[in-house]
Structures are given as C-alpha cells and as structure tokens.
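Trainee: Pasting a structure here, questions to come.
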2 protein chains.
Amino acid sequence: MSSQPEHPTLLIPGPIEFDDAVLQSMSHYSESHVGPGFVATFGETLSMLRQLFQTTDPASQPFIISGSGTLGWDLVSANLIEPGENALVLSTGYFGDGFADCLTTYGASVTKIDGPVGGRPQLPEIEKALSQKKYKVLTVTHVDTSTGVLSELKDLAATVKKASPDTLVIVDGVCSVACEEIAFDAWGLDGVVTASQKAIGCPAGLSISMFSGRAMEAFKNRKAPPASYFASMKNWTPIMQNYEAKKPSYFATPSPQLVRALNTALKQILSRPLSERFQRHAEVSDRIKRAVRDLGLELVATKPEDQAHAMTAIYLPETVKTTDILPKLSGKGVVFAGGIHKAIAPKYIRFGHMGVSVTDPARKDIDKALEALRTGLAECGYQKA
Amino acid sequence: MSSQPEHPTLLIPGPIEFDDAVLQSMSHYSESHVGPGFVATFGETLSMLRQLFQTTDPASQPFIISGSGTLGWDLVSANLIEPGENALVLSTGYFGDGFADCLTTYGASVTKIDGPVGGRPQLPEIEKALSQKKYKVLTVTHVDTSTGVLSELKDLAATVKKASPDTLVIVDGVCSVACEEIAFDAWGLDGVVTASQKAIGCPAGLSISMFSGRAMEAFKNRKAPPASYFASMKNWTPIMQNYEAKKPSYFATPSPQLVRALNTALKQILSRPLSERFQRHAEVSDRIKRAVRDLGLELVATKPEDQAHAMTAIYLPETVKTTDILPKLSGKGVVFAGGIHKAIAPKYIRFGHMGVSVTDPARKDIDKALEALRTGLAECGYQKA
C-alpha cells in the first residue's frame, strides 16, 4: 500500500508517479552540501549513473546539475560546439526543434532534418547530409515527448561512425533514459542528456547527463571559452569528479534533497537487471498500443519500429475534442496530457507509461487508464466504426 | 516538537535548517506541471514573491526557475547586458568575483571595485567610477556569504540614481532575501536574484528573482537575442506571466515539489510582518556577535555597519585550525562552515543564523551553537587572552 494520499494517477509523459521511498527522500532533513554524508551520497549517485547508461569507460563523465531537462541542451550547445561550427539536428517533433533553437542561441550553424509528423528522418538522408558538410555534433531526440516517436540509436550511431567519424553523437534522452535500451559504450555515443522526472522516477529539478571521453576531449580542445556560466563544463567537471571521489567541492549549491531522491530511485532501478526493466516497458507498451488500436484509434507514431515504449501519442476520433476527453479522464482519476506538436496539437492526447506505473505489480495504473479511456470515449459519444 | 529524525543542527550560511511543514511539502505526490492544482500553487507563489520583495509595481516581474542561486547571475548577464556593454561590479568577496566572471562569460566589459577584505567599496569611489564611464548595470552582493559583509543598498541605489540614472541596479540577494530589509520599489532596485535554500527556508534547487519594469524594458530593447537558452528571459517571461495569471504554460518542466515547498515557506514568512522578521534576525545577530567578541574573537566584517544579520564570519585564534574546531563542533551536533575567501580561507569559520533557527522560539539552535563554540575552542586549547 502506498503511503501517499489518494490522488489522480499521473500518466503524462513526465513527471510520472513516484515511489513512496523516493518521495520520502525528498523530505530528508537539511544537511551541508559539502558534509561527508551528502558528499558520499552524491558521489555514489554519480557512479550509479555509469551503470544506468551502461558505460564502464572511466573517461565517461556524468553530470547532475540543478535545473530542468532543457539545461542539458545548454550543456551541449555551450560546451561541445563553438560559434560558427555545424550541428546536424534530427527532429522528430517539438523537442528536436527546441534543441535546434538552443544550438542556434549559442552560435552553432544548424542544419535540421525533420521527420514527417509521426516518423523520423531516415538513415540514407542522414548519411547524405553528413557527406555534404563537416558537422561537429549530430543531435537526435531518442523519444520525442511530443509525438512518442522513437529513434533508432544503434544503427544511427553506426552510420555516423562510418560517414563522419569525428562527429559527436548527442542524444536527447529525456523521455528514454531508464525505459529504452541505451548502451552508451557499445553504441559509441558521445552524450546523453536527460532529466529526473521521467522514467528515472525522481521529482523534477535535476539535469542529468553522461558524456564520453571523446566529448570531454572536444570540450578541452575548444578555442573559445564555454559560452555559458551556469552550464559551463569548465565550472562543473572538477566538481563532479571531486564528488565522485568523495571529496567536497563547490561551484554552485546542489540540492541535497533532490540528489537523495535520485539516489533512492537509482538504487531501485539498479536492484534488478536493466534488460528486465526495458523488456517490461516494451511488454506493457505493446499491450497499451494493442488496446488503443482495438478501440479503433490511430497512433501518432505511424510505424511500429518508430513507436516509443514508455509513452503513446493517440489521435482522437474526429468527433472528440481534447477539451472533452481530458476532463472525462480526470474525473475518472487518470491524468493524460494534451498534444504539443504544433502541426497536430488539438488532435491528439499523450499517455505516459513508465516507471512504477509499469514496474510495480501492486499498482493497477495501466488497467485503470485503459478502462478510463474506453469509458471516457464512450461518454464523449464515440463508438468504434 | 520536530517530526524530523535527530540530526546535527545545520548552521552554515545555507542550506539552513528547514521547518517540518516545508520538508513535508517536498514529498508532495506527483502532479502535472500544467494541471490546475499546481498552476494555482505556482501562480500564488509568484505573487507572494512580490510581497517578500516589497514591490507593488505591476511591472515588476518575478521568476522561479529550477537551478542554483548561481543561475540568477546568468539571468542578469545573458539578458540585461549586451556584449561590449559595461558592468560595474562591487565585490565584497568570493561571490562578487563570481558575478564578475559570469558577466564576462556573456561578453560584458567588467570593471570591478573590490572592498578591502572584511569591508566594502565606499560611495565616493563608486560615484567616481560611475562618472567616468556609462555602465549598463551595476551589481552588488547584498551579503557576501564568503565574508558576511553587508552592503548598504538604500544609499547605494540613491547614489546610482543621482550619478548615473540609466544604470540598472542589480542585487545578489542570495544571502540576504528574507533576512535583511529589501524595499524593492522604495529603493528603486532593478533586480534582485536569490536562491531557495537560505533565509527563505526551502531546500536548494530554485533560482528566485525579481526584476523591475525598467529592467524588463531594457531586456525588451536589447539588440542581440538573449545569450542563453535555459536562462533566457524571452523563454521564461511569458511562462511566469501565464502561471501568475493561473494559466498553464510550458517552456521547461518546473519542479512541483520544490515549488510546493517554496509556497509553504513563503506562507510562513508572510504570516507575520516582514519588519518583525528582519528585527528578530538583527537582535539574534547582535547577541551572537557580542558573544563572539566576549570570547575574544574578531569578526571578518570589520565595522558594525558592514556586518550581515544572518551570518557571522569569525576569525579563529591563531592557535586553532579550521580542521580542529569544525570536527569538535560537529561532535557537539553543530555544523558550521569553513572559510572560502581566497585571501583568508584557512583562518576563519562561518556561522549561519537565519530562518527557523532564529525565528522559531521552540528551537534552541543558537544557544546550542554558542555553547558548542565556547567549549569547542576550550578543547582546542584556546583561552581568552
């Protein structure tokens, strides 16, 4: 039994429902950010990220910084690329476009390849683009939270290695880390940026990232100083290295409560094989997508291989409005999110299925959500054709 | 009685001890960042900041963003000044120097006036500097956490208005908001940036700020786009305005738990007159400084008018090392901080006295700390000369 008060089940693609122990860690008594207890916890948390990202290369560098997931874009844009250098951005929705805006802010020259709505850019066009210009970084949104489109990282990384080996492969993993397979070393990734409040299962407020030794070298070799102060790798790298070595260090005050909660969440995740966790998310996702299709509805992510395993973006029937169905669901104790992809925003809803709602067998969140969706649509006058 | 487990009393100059209700808000169940419950809470929290900063001018703009206090420097440096424009930085320690570094990162041309160690730049030299060059912004650290030196904001702001009326007056209030008087409108301030974990009494993880209508105009009139993405006022201003109008809005996911905790902390602060709160901090500070002098010790902040009311930086006797006294204090259940001002770091310790440790009459934190300091020094072999 949860010790949380009764509340609507949050099934948006982040923040997600949190485990009791994680929430309890949020109210940890106050402690010094440079005291031995917190330093040990922060250090352990950084080391656990290496396991989560499946990297054993000691040159890989984890970062945990107070901020939103968006801060990860600044970390990449202000440190790994210099003004005038080229970035190739693969966009599968709202968040790919945002990453491009961020890169532009810091002076990068951005070429964007847009997937069709509900799809992703294909390898041949990416390969072609890489052959036409020298790109310092390529960025890809692993799962675009606006569409639920999944990008295929492994083949993509292999393609970049072949076509343009010097290009850094940077992944926006905000909606994929801890629910989709990410083999950082094996696939040769150079950076993954994410946030705490999605599949990692810790309240919002932390930017979490991992960079390869190659990315850290590119940073060290840059000619211009970092273009941000708060998001400067120069300021943060020694701090992260000191904490991981269990030595106190200061640049800006971290949040002991959020880091304690992240520590608890990571311990829960790493207490079982990651492969089992990814498998569980895939199974539940398959069940949800089948149920949605059985209702006669279409998914925003068109092809099965482009569909994320921890969220589903669902087109509404033409007769049903977002502003009708979301309050109906809410009345049944289930919170879904509306659409945010500009081209289709009023036409679809988003269902997040990650973390404890999927992995905790005691919870009936998914069954409750599917039942609410079925009856809610019926109450909106929808009948399957 | 506190519901927190027994723990060492944290009396560093932030993070501070937190009230039970604030910590309980940190473990609020998960909710949507765009749902009506959280939107109302966030909106109310922004409005309460207007009271805390004593501004009734509707053009004043509050911001609450996930990040450390340091992010406030980026907010100023990336939005209110353009590359090549001049900034006059008044430094009273480590944090004034940091603000200068941040401004330089974003291309400002920085002139820094350093106070002597333990003192502050004086008005005549500031006036002279303002007469020699056109400065877009002047920054001042209200209380430098590294030295406990208090700057005199009211007279300073008046001096700037007279000598250089177009210069924006920007205050680093990280260690002063909610413990030192700040009359935003009455003194004609243009910006105050702070953090959650000091006198406001909410766990670390939020950058909190207030900017004047004049500052917001200066931002709107800038020629270059903002030089940061995550710290862009262009990205955040509409979000803050929408939330305060109780309308959902999205740029980057805020932390519902931290904002809930901030809401609780601000309600506690605003339940009593602010003047009473400032008075209480001043009384307790006077008592502490008297007790420290009675022990035969010297303060880093030399003159009484330069001494902060919510922290005290104390020179150790020559025979006592930081690495001796801090563990002794810790053994007595009291956590003080070491020195961080480069010129004198190993020679002094810092005692934070703000928030519930000062305002909650049920707590005996200050008596306990003074007694621990007295006996701790004696155990280190110190005797008053």
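Trainee: On average, how many beta carbons from a partner chain sit within 10 Å of the beta carbon of a residue in B:97-106?
Mentor: 3
Trainee: What does the copy distance list look like for residue A:338, label position 7 Å along Cα→Cβ, in nm and ordered from shortest?
Mentor: Label point to label point, same position, other copies: 5.3 nm.
Trainee: Moving on. Over segment B:323-385, what portion of Cα pair distances is larger than 16 Å, expressed as a whole percent?
Mentor: Of the Cα pairs, 51 percent sit more than 16 Å apart.
Trainee: Put a label point 7 Å from Cα along the Cβ direction on residue B:131, then list its distances to the equivalent points in the other copies in nm, shortest first.
Mentor: Sorted ascending, the copy-to-copy spacings read 7.0 nm.
Trainee: Given the peptides A:233-246, A:361-374, B:82-95, B:253-266, arrange them by the average over their residues of other C-beta atoms within 10 Å, most packed first.
Mentor: Packing order, densest peptide first, comes out as B:253-266, B:82-95, A:233-246, A:361-374.
Trainee: Can you pull the percent of Cα pairs in the protein assembly as shown with separation above 45 Å?
Mentor: 23
Trainee: Need one number: % antiparallel among DSSP beta bridges in chain A, to the nearest 5.
Mentor: 55
Trainee: Okay, next question. Given the -39500 (n - 2.57) contribution per DSSP H run of 4+ residues, what per-residue ellipticity at 222 nm results for the protein assembly as shown, rounded to the nearest 500 deg cm²/dmol?
Mentor: -12000 deg cm²/dmol
Trainee: Assign one of three labels to segment A:98-148, namely rounded, prolate or oblate, based on the Cα gyration tensor with a ≥ b ≥ c the square roots of its eigenvalues; rounded applies when a/c is under 1.5, prolate when it is not and a/b is larger than b/c, and oblate otherwise.
Mentor: Since a/c reaches 1.5 but b/c is at least a/b, the shape of segment A:98-148 is classed as oblate.
Trainee: Under 1.5 on a/c is rounded, so check that first for segment B:1-90, then, if it is not, pick prolate when a/b is larger than b/c and oblate when it is not; a ≥ b ≥ c are the square roots of the alpha carbon gyration tensor eigenvalues.
Mentor: Verdict is oblate for segment B:1-90.
Trainee: Can I ask one more? Please give me, ordered by residue number, the trypsin sites (Lys or Arg not before Pro) of segment A:96-180 that lie in loop per DSSP and have at most 16 other Cβ atoms within 10 Å.
Mentor: Of the trypsin sites (Lys or Arg not before Pro), the ones in loops of segment A:96-180 whose Cβ has at most 16 other Cβ atoms within 10 Å are A:133, A:134.
Trainee: Can you find, among B:40, B:121, B:163, the residue farthest towards the positive end of the dipole of segment B:21-270? Put +1 on the C-beta of Lys and Arg, -1 on that of Asp and Glu.
Mentor: Looking along the dipole axis, the top candidate is B:40.
Trainee: In segment B:21-270, how does Rg compare with the Kirkwood Rh, expressed as the Rg/Rh ratio over alpha carbon atoms?
Mentor: Taking Rg over the Kirkwood Rh, I get 0.96.
Trainee: Normalising by the residue count of segment B:278-385, find the relative contact order in percent from Cα pairs under 8 Å and 6+ residues apart.
Mentor: After rounding, I find 29 percent.
Trainee: Taking just the C-alpha trace of segment B:115-195, give me its Rg and Dmax in Å.
Mentor: Calculated on Cα positions, Rg and Dmax stand at 12.2, 35 Å.
Trainee: Taking just the C-alpha trace of segment A:263-302, give me its Rg and Dmax in Å.
Mentor: Taking only Cα atoms of segment A:263-302, I get Rg and Dmax of 14.4, 42 Å.
Trainee: Another question about this same structure. For residue B:383 and residue B:345, what does the FRET efficiency come to when R0 = 22 Å and r is the distance between their Cβ atoms, rounded to the nearest 0.05?
Mentor: The pair residue B:383/residue B:345 has a calculated efficiency of 0.30.
Trainee: Additional query: Quick one: label points 7 angstrom along Cα→Cβ at residue B:183, distances to the other copies in nm, smallest first?
Mentor: 6.8
Trainee: Using a 7 Å offset from the Cα along the Cα-to-Cβ direction at both residue B:85 and residue A:283, what is the distance between the two label points in nm, to one decimal?
Mentor: For the pair residue B:85/residue A:283, the computed spacing is 5.9 nm.
Trainee: Rank-order A:221-230, B:100-109, B:196-205 by packing density, defined as the average count of other C-beta atoms within 10 Å over each peptide's residues, highest first.
Mentor: So the order, starting with the most tightly packed, is B:196-205, B:100-109, A:221-230.
Trainee: Can you pull the Kirkwood radius for segment B:185-326, inverse mean 1/r over Cα pairs, to one decimal in Å?
Mentor: 19.1
Read-outs throughout are calculated quantities, based only on the coordinates presented, and are distinct from any laboratory measurement. Owing to the predicted nature of the structure, the values given are computational and were not obtained by experimental measurement. Because the Cβ atoms are built from the backbone with ideal geometry, glycine has one as well, and the counts that use them run over all protein chains shown.
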